[in-house]
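**Student:** To start, I am sharing the structure in question, which I have written as structure tokens.
Please treat every number below as a calculation from the coordinates, not as lab data. Remember, it's a predicted structure, so these values are computed and weren't measured experimentally. Note: ideal-geometry Cβ built from the backbone for every residue, glycine included; neighbour counts use all protein chains shown.
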Amino acid sequence: IGETAIQILRAKVIVVGDIAVGKSSLIHTYINRSPEFSTAKPTFPVDYLFKTVNVQKNIHLNLEIWDTMGEERFASLAPIWYRYAAAAILVYDKTNEESFKHIEDWLQRVKMYSEPHIIVLVGNKSDLSQDEVIPKAEGVTYAFEKGLMFIETSTMDVDTIDQIFYLMTRRLLPKL
Ligand code: GDP
């Protein structure tokens, strides 16, 4: 006890956005610290993945990361899927206009079913700059209006993905 006591906290993080924007890839890069684009979805439903982070000395934070996968197929389970999320990551694909338009719907659903302390907007696939249809300024403006954290990345970029989770958990910690 005393100096060696470790506090263990947990937080549910939900990752939402249209299909194929890179949600699974983002989670994979973060968990495994290496990019590996999924070429096909696993046929079994992966509900959530865990990662324990040492956010601060003597504090272990167990992140429970939930991928949207399957949620669309079981609309009636949506409230349960969203419930008790401490943080939400909204992902769109910079090369897909629809996926950005739908962020408003995803945000509303997140707020309808949970009360996350922090919401991060991620503009993904920044490596495909030649196919960009949503410039960075649009993401920045939207995030500012809605009070969201914002970052652009590629899921191949391990450092940026790490940074997203680092900044998110640092802001989350005092609220847990
Ligand atoms: P999900 O349906 O949102 O979980 O999307 P996935 O993670 O399955 O990714 C969908 C497709 O986009 C896959 O073919 C990935 O390889 C690809 N992808 C994911 N992230 C990126 C990225 O940052 N850049 C590029 N170029 N492709 C990506």
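**Student:** For helix 158-172, what angle does its Cα long axis make with the longest principal axis of the chain, in degrees from 0 to 90 and rounded to 10?
**Tutor:** 60
**Student:** Right, next: Helix 136-146 versus the longest principal axis of the chain: what is the Cα-based angle in degrees, 0 to 90, to the nearest 10?
**Tutor:** Rounded to the nearest ten degrees, it is 60.
**Student:** Given a Förster distance of 30 Å, report the FRET efficiency between residue 10 and residue 77 from their Cβ-Cβ distance, rounded to the nearest 0.05.
**Tutor:** Once the sixth-power term is evaluated, E becomes 0.90.
**Student:** Does the range 89-176 come out rounded, prolate or oblate by the C-alpha gyration tensor, with a ≥ b ≥ c the root eigenvalues, rounded set by a/c under 1.5 and, if not, prolate when a/b is larger than b/c and oblate if not?
**Tutor:** oblate
**Student:** Taking θ = phi - 60°, what integer Hz values does the Karplus form 6.51 cos²θ - 1.76 cosθ + 1.60 yield along the range 110-122, in sequence order, with x for Gly and Pro?
**Tutor:** For the range 110-122, the Karplus curve yields 4, 6, 6, 9, 8, 10, x, 6, 8, 10, 10, 9, 10 Hz.
**Student:** Structure shown: which of 125/146; 57/101; 94/146; 51/94 lie over 29 Å apart, alpha-carbon to alpha-carbon?
**Tutor:** The pairs that break the limit, which is 29 Å between Cα atoms, are 57/101.
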